[in-house]
Amino acid sequence: MNQELKNSLGEVHSSININKRKGWKRIFAFLGPAYLVSVGYMDPGNWATDIAGGSQFGYKLIWVLLMSNLIALLLQSLSARLGIVRGLDLAQASKNAYPKWTNYPLWVLAEIAIAACDLAEIVGMAIGLNLLFGLPLIWGVSITVFDTLLLLLLMKRGMKSIEIFIISLVFIIGVSFFVEMLIVEPVYGDVLKGFMPSELGGSSLYIAIGIIGATVMPHNLYLHSSLVQTRKFDQTSEGKKEAIKFNFFDTTIALNLAFFVNAAILILAAAAFHVNGYFKIAEIEDAHQLLNNLFGSAAPALFAIALIAAGQSSTITGTLAGQIIMEGHLNLRIQPWLRRLITRLLAIIPALFTIIYFGEGSLGSLLILSQVVLSLQLGFAVIPLIHFNSDKKLMGQFAIKPWVKVLAWLSSAVIIYLNITLVISEIKGWLASAGNHWVIYSIVIPVILACLALLVYIFIHPFINKTKEDKQLVPHGKPANFTQANISYHKIGITTDFSKNDEKIIRNALMQGGKDAIYTFIHVVETAAARYHGNNTLDNETKLDKESLIKYQSDLHDLGFEANYQIGFGNPALAISKIVKEQNLDFLVMGAHGHKGFKDIVFGTTVDAVRHKINIPVLIIN
């Protein structure tokens, strides 16, 4: 268990061995993590901001996309460097570097970013299904819960399977928009003019910040620092240099592809809507309908297919990021499907509320808002990332050079300045409008000031606590002092299911205690009657199970062992843990259920559940 907790994404950590490959195969083995990251840069939230920017301002905001992409390239390369050199993801490094009291607000803010990101995936998927199949949006939002199963199955097949699946979806998105460009035929001379920076203000500033939030996503910084650790490479200076070099190639290729997709969406909106006088197209549905009116059925069909692919690919990477953040900040690991379900429900609730209360037409505005929320959280991820990469004591020769540090801090300053400008502008707008100003003064402004104070603190803390920075170089604690001691168990529990595995389980139990221990056979009856009547159950299965337990007890007595039995009813994990506590057992031997994939969800994971409910050693026999 400890081994799992100390590694980021422990189930796939170092699962791809680089050292066994040579030549091109070795290079390709490094490629992959950045493609998982890149889908976050072309998710449905980007579509909303790019469509709004293109329809309202034409090609004028392409330079914002380019700037965002360059900032993203810089920050993602720093994220990969942190994971490669220190073997920590960003959440683990933050927990080690900052005081405990800052850990929880940083975790909460990161979770808000994950929920905002997932909200965009839900809405995008629902809109895509609606456009392609006519499925009502409320049903589209509801069925997105079930993509949890897809993630679980992919995780069981390994990291390469996830990467191949994601790259396939990215390929679909890229091809769709390449064909869209051929259909729409923009004036490329005007497109080039959009790369010249222009002044931002009012609605253009709001959309520009939405574009930055949609492009440079905070959860991707956590994700990338973990995904690079799925490669097993030499932990030498040369090995790390090679990993950094090839991961930079991976990041450059993947993010340039993401820039192409984002630019294509904005150019599509500018060429199809702005040029034709449609300046207020901010809804994806409106864009789809206008594409149908202007260019026929092929363009909107490709548009919807790409939207579904973007939503599905992004939701998988969002789940992985959520798992990394929870494990890193809280050292808490839960089942990936449960993590996925929690994340999805946190995002589904506001989506359903918006549809029911405000109507389906408000989803586009909700998409843009989600991207602004992402941008507001960026500073809390970017500032620690730059500090960690700049620290020569921890990074050694891999600490970033001064000119890289300057660029990174400038990028951070631009993001934070734009965010502060937006917040001030929004608060002024709320105060100018009619309404209950006490809510703004008593809740909104204090929360904003608290967040600003936290942002200032995480910026200055590393400067004033340099001597304490190396308090932990690994995400786990120091090794314990070991002294030789004899451990003996006197009351040993043995779980049984009357299968061929029982003999192996019983033999292993007898090896632990010998003839000095007392053995308790445990069996749980799970029939409907047992769940309802409990100890009063007298059905046929309970009688047969009792007879089998008596046989086991008799067999051990004949061999000179002392044994008894206990029958539990209902939920296996609860019943077993209850018997362990009532009988005051000091050791438990269990058989693994042996289920994999979908069966693991259907039949449950009794071993894990029991292990977390009791505080005695557990021996698991496969």
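The values are calculated or read from the model by the stated rules, or taken from the named source; none is laboratory data. Because the structure is a prediction, the values reported are computed rather than measured. Heads up, the Cβs are rebuilt from the backbone with ideal geometry, glycines too, and the neighbour counts pull from every protein chain shown.
One table, with the values for the structure above:
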quantity	calculated
Answer residue from segment 486-541, given it is at pLDDT 70 or above, within 42 Å of the chain's Cα centre (by Cα) and small (Gly, Ala, Ser) and is farthest from ILE576 (Cα to Cα) among those	SER499
Top-ranked residue in segment 160-196 [being touching a Leu at 6+ places or on another chain (Cβ under 9 Å) and not in a helix (DSSP H, G or I); ranked as nearest to GLN229 (Cα to Cα)]	PHE195
Pair list, Cβ under 9 Å, 6 or more apart: segment 487-515 residue in contact (Cβ under 8 Å) with a residue 12 or more places away in the chain and part of a helix (DSSP H, G or I), other residue exposed (fewer than 11 other Cβ atoms within 10 Å of the Cβ) and small (Gly, Ala, Ser)	LYS515/GLY560
Filter result (of a type outside the set (D, E, K, R) and not in a helix (DSSP H, G or I)) within segment 219-270	PHE233, GLN235, THR236
ALA563 being modelled with pLDDT of 85 or more and either under 24 Å from SER488 (Cβ atoms) or of a type in the set (Phe, Trp, Tyr) (or both)	yes
Some residue of segment 205-216 being farther than 30 Å from SER425 by Cα, at pLDDT below 80 and in a helix (DSSP H, G or I)	no
From the options LEU135, LEU200, LEU153, residue that is in a loop (DSSP other than H, G, I, E, B), farther than 27 Å from TRP107 by Cα, modelled with pLDDT under 75 and of a type in the set (A, V, I, L, M, F, W, C)	LEU200
Residue that is nearest to ALA517 (Cα to Cα) [pool: residues in segment 556-569 that are in contact (Cβ under 8 Å) with a residue 12 or more places away in the chain and surrounded by fewer than 18 Cβ atoms within 10 Å (Cβ to Cβ)]	GLU562
Residue in segment 431-440 that is modelled with pLDDT under 80 and within 27 Å of SER412 (Cα to Cα) present	no
Single residue of segment 61-84 satisfying the filter (touching a Gly at 6+ places or on another chain (Cβ under 8 Å) and surrounded by 22 or more Cβ atoms within 10 Å (Cβ to Cβ)) that is farthest from SER204 (Cα to Cα)	ILE62
